[in-house]
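Report on the following structure.
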Amino acid sequence: MRFLLTLTLFLVHWLAAGQNNASLIQESVQLEQNANEPAALDKLKQVLRTEPNNYYALWKSSELYSRLGISQRDKNNMLAFYRAAQKSAEQAIRVQPNEADGYYVLSVAMGRLALAGPNKEKIAAVKAIKTNAEKAIRYNPNHGRAWHVLGKWHYEISSLNFVERTAVKLFYGGFPESSYQHSIQAYEKAQKLEANFALNYLELAKAYHQTGQDAKARTLLQKLASLPTRTGDDNRIKAEGKALMKELE
């Protein structure tokens, strides 16, 4: 009898926690849609306190950590956000190793760490970024943002200077195949799959400019300016696009 009572109380508590977490996730989605990422992340943290293996909360919190990290003015704070993004992504993959989103957000976190961290961190992340983006695409070939990460990888690898290229060769025993054209192909694929993804417009415009296709770059930047603002980062992206447009005029 005592065992049944204990079991009943546990089930009631578990069901209540599950219902509360579902509400918290809905609130997080709404807050993100209203470009309030810090509050959205706080809701997901609340979910993870009682349900640490909630897959959605793990991968989405990783994405938000990466997105919020870029706005941190202090370099140490920025890196802390990106490392938190990496940790959440790795846990998401452990929970659901056959789902795309965990690999996608891990590739994003590693990419942000590579761009913000010291050179040794950038070099060490080169392989992991591409590997995880490709895994995300393998599990979901229509994952537009994973295609975007792959495009960014090709762009950044193609932009490495001589010293960085030499370091990559030494670290990996060779230089990975990459080109601006591969970058453009991946970005264009991402654009077809996710037409309102502002960051992809900006990065594709940069790739077009890098390859002398300024007319295409200007067309994209004009479209970028007219896109709806969907995240807190979109204003920064549009401002950068506006600055690039001035360079191309």
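Relative to the longest principal axis of the C-alpha atoms of the chain, give the angle of the C-alpha long axis of helix 180-193, reported between 0 and 90° and rounded to the nearest 10°.
With rounding to tens, the tilt is 40 degrees.
Would you please name the trypsin sites (Lys or Arg not before Pro) within the range 51-128 that are DSSP coil residues with at most 13 other C-beta atoms within 10 Å of their C-beta?
Those that pass, being in a loop and sparsely packed, are R73.
Restricting to DSSP loop positions (anything but H, G, I, E, B) with no more than 11 other Cβ atoms inside 10 Å of their own Cβ, which GluC sites (Glu not before Pro) remain in the range 165-206?
E177
Charges at C-beta only: +1 for Lys and Arg, -1 for Asp and Glu. How large is the resulting dipole of the chain about its Cα centre, in Debye rounded to 20?
320
What is the sum of charges around I123, taking Lys and Arg as +1, Asp and Glu as -1, for the other residues whose C-beta is under 11 Å from the C-beta of I123?
Overall, the nearby charge balance is +3.
When Lys and Arg each count +1 and Asp and Glu each count -1, what net charge do the other residues less than 14 Å away from K242, Cβ to Cβ, add up to? Mind dumping the intermediate values first?
On the way: positive: K206, R218, K223, R236, K238, K246; negative: D234, E240, E247, E249.
Charge balance in the 14 Å sphere: +2.
Could you tell me how many degrees, from 0 to 90 and to the nearest 10, lie between the Cα long axis of helix 37-50 and the main elongation axis, the longest principal axis, of the Cα atoms of the chain?
The answer is roughly 40 degrees.
Report the residue, chosen from G151, G117, G102, that carries the largest GNM mean-square fluctuation when the chain is represented by alpha-carbon nodes joined by springs under 10 Å.
G117
Looking at the chain as a GNM with Cα springs under 10 Å, which of D42, D74, D214 has the largest mean-square fluctuation?
D74
Rounding to the nearest 10 and keeping the result within 0 to 90°, find how far the Cα-based axis of helix 100-116 lies from the longest principal axis of the chain.
50
Would you work out the relative contact order for the chain, in percent, from Cα pairs under 8 angstrom that are 6 or more residues apart? Kindly include the intermediate steps, with their values, before the conclusion.
Working: 326 pairs, mean separation 32.5, N = 249.
Reported relative contact order: 13 percent.
When V95, V163, V108 are ordered from fewest to most other Cβ atoms inside 10 Å of their Cβ, what list results?
Lowest count first: V163, V95, V108.
With Cα extents along the principal axes in Å as the read-out, I listed (1) 61, 44, 28; (2) 71, 38, 35; (3) 77, 45, 36; which label goes with the value calculated from this structure?
Only one listed value fits the structure, namely (3).
Quick note: the coordinates plus some simple rules give every number you see, no bench work behind them. Small disclaimer: the values here were computed from a predicted structure and weren't measured. Note that we place each Cβ from the backbone using ideal geometry, even for glycine, and neighbour counts take in every protein chain shown.
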